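Just below is one structure, and these are the notes that go with it.
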Amino acid sequence: MGKIKRICAAGLALVLAVGMLAGCAGTAGQSEPKSIKIGVSVYDQYDTFVSQLMADFNAYASRREEETGVAINIEIYNAAGSQTTQNGQVEEMLDDGCDVICVNLVDRTEPTTIIDMAEKKNVPVIFFNRELVAEDLERWDRLYYVGAKAFESGVMEGEIAADAFKEHPEADKNGDGMIQYIVLEGEAGHQDAIVRTEYAVSTIVENGVEVEKLGYAIANWNRAQAQTKMAQMMSEYETEIELVIANNDDMALGAIDALKASELDREKWPVIVGIDGTDVGLAAVAAGEMAGTVYNDKRGQAHAMLDLAYELSVGGDLTGLDLEDGKYIRLPYAKVGPDEVETYME
Ligand code: BGC
């Protein structure tokens, strides 16, 4: 059901054979298993950030396989935006004998079914990127979360925007001493959407730049939706928009698509800021289309998730993993402007 990929990161035939003979269970106290099986369900395989995170996860699994000599079998499922589908996928992964399950929740308020099923089979769960509330993570001691600190990205995005206006006072196009802005928001109810908007705006103000909100639109992290919403706001506010605060790079790129499709001269474009540092986002910073982005450390998150999944599977030691409250791994964000962008582009 919706399984998009089944990989053995290295030596496919051999690994499969070893996996079949050795089984997949890594149990504490026993000798190191020859293979482990990790099940992953993503909320939407077409989400740019999540798909890049999974690419890093797979690449790192290959490296770890070489380092450890343990075959790492990974099953990745696409929940395609349905929590019911995702619950079914987790059931399948548990039946399949996965040692650990990684879940990118579709609905971060609905982890109960998954937690109950996993607990019944005593299989640990690592939630990632879409953060469940702390009370849910407390429900069982084999539940973990890998992600980032949402507020930090908002603060950094606000700093990038404030600096852009301080360095380029002419970006206040109507010269009224106030920056007219719009916000392109991620999914309603997603921890990153709510918190990023709030901290980005308050940080701009704390940095001494006065702002006036013209409007906002929910574009669900999605480039095409953002383009449509941006086009609508441009027809409503015409050339008044001086700043576009996007909750992620894909929506910032949607705004850029709308600007490119419009008749507005390049020098009259608003300042645009994003978050993620996806490949396309970084390219837009390098091209000067975005003032900057905030790097959402997909590689760090992918590595932390794999390291944690590995140790949980082989019954290893978690002490080296720096778990906050024994449950959380949160990677820091970083600001990426024109000066830093080369370092982040590969
Ligand atoms: C990322 C978005 C992504 C979302 C998916 C956020 O942390 O910044 O780009 O769409 O997670 O859950």
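Things to note:
- Test for R139: is it within 14 Å of the ligand (Cβ to nearest atom) and modelled with pLDDT of 95 or more: no
- Total residues in the range 159-217 satisfying the condition of being of a type in the set (V, I, T), closer than 20 Å to A231 by Cα and in contact with a Lys or Arg (Cβ under 8 Å, 6 or more places away or on another chain): the figure is 2.
- Summed over the range 104-118, residues that are surrounded by fewer than 22 Cβ atoms within 10 Å (Cβ to Cβ) and more than 20 Å from the chain's Cα centre (by Cα) total 5.
- Search result, residues across the range 163-173 that are open to solvent by 60 Å² or more (accessible area, probe 1.4 Å) and either modelled with pLDDT under 95 or not in a loop (DSSP other than H, G, I, E, B) (or both): D163, K166, E167, P169, E170
- The range 199-218, residues that are surrounded by 16 or more Cβ atoms within 10 Å (Cβ to Cβ) and either among the acidic types (D, E) or assigned to a helix (DSSP H, G or I) (or both): Y199, A200, V201, T203, I204
- A231 vs. criteria open to solvent by less than 10 Å² (accessible area, probe 1.4 Å) and part of a helix (DSSP H, G or I): no
- Filter result for the condition that a residue is at positive phi and either open to solvent by 30 Å² or more (accessible area, probe 1.4 Å) or not hydroxyl-bearing (S, T, Y) (or both), over G177, G186, G154: G177
- Given (1) touching a residue at least 60 places away in the same chain (Cβ under 8 Å); (2) within 16 Å of the ligand (Cβ to nearest atom); (3) surrounded by fewer than 20 Cβ atoms within 10 Å (Cβ to Cβ), number of the condition R196 does not satisfy: (3)
- Scanning the range 132-151 for residues that are of a type outside the set (F, W, Y) and either open to solvent by less than 30 Å² (accessible area, probe 1.4 Å) or in contact with a His (Cβ under 8 Å, 6 or more places away or on another chain) (or both) yields L132, D136, L137, L143, V146, G147, A148, A150.
Table: residues versus (1) within 15 Å of the ligand (Cβ to nearest atom); (2) touching a helix residue (DSSP H, G or I) at 6+ places or on another chain (Cβ under 7 Å); (3) part of a helix (DSSP H, G or I); (4) over 25 Å from V280 (Cβ atoms).
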{"residue": "G154", "(1), (2), (3), (4)": "yes, yes, yes, no"}
{"residue": "A161", "(1), (2), (3), (4)": "no, yes, yes, no"}
{"residue": "G177", "(1), (2), (3), (4)": "no, no, no, yes"}
{"residue": "N220", "(1), (2), (3), (4)": "yes, no, no, no"}
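- Scanning the range 234-253 for residues that are within 16 Å of the ligand (Cβ to nearest atom) and either farther than 14 Å from E185 by Cα or not hydrophobic (A, V, I, L, M, F, W, C) (or both) yields a count of 4.
- Scan of the range 276-328 for residues that are β-branched (V, I, T) and without any contact (Cβ under 8 Å) to a residue 12 or more places away in the chain, ordered by number: T319
Yes or no, residue by residue, for (1) at positive phi; (2) within 16 Å of the ligand (Cβ to nearest atom); (3) in contact (Cβ under 8 Å) with a residue 40 or more places away in the chain:
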position: V40; (1), (2), (3): no, yes, yes
position: T48; (1), (2), (3): no, yes, yes
position: M54; (1), (2), (3): no, yes, yes
position: F57; (1), (2), (3): no, yes, yes
position: E67; (1), (2), (3): no, no, no
position: N78; (1), (2), (3): no, yes, yes
position: S82; (1), (2), (3): no, yes, no
position: Q89; (1), (2), (3): no, no, yes
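- Residue-level analysis places N122 outside the set of residues that are at positive phi and buried (at least 19 other Cβ atoms within 10 Å of the Cβ).
- Of all residues in the range 101-124, those satisfying the criterion of being under 14 Å from Y77 (Cβ atoms) and in contact with a helix residue (DSSP H, G or I) (Cβ under 7 Å, 6 or more places away or on another chain) are I101, C102, V103, N104, V106, I114.
The values are calculated or read from the model by the stated rules, or taken from the named source; none is laboratory data. Computed from a predicted model, the values in this text were never measured in an experiment. Because the Cβ atoms are built from the backbone with ideal geometry, glycine has one as well, and the counts that use them run over all protein chains shown. Accessible surface is based on the protein model in full, side chains and every heavy atom, while ligands, DNA and RNA are left aside. Shrake-Rupley method; radii C 1.70, N 1.55, O 1.52, S 1.80 Å.
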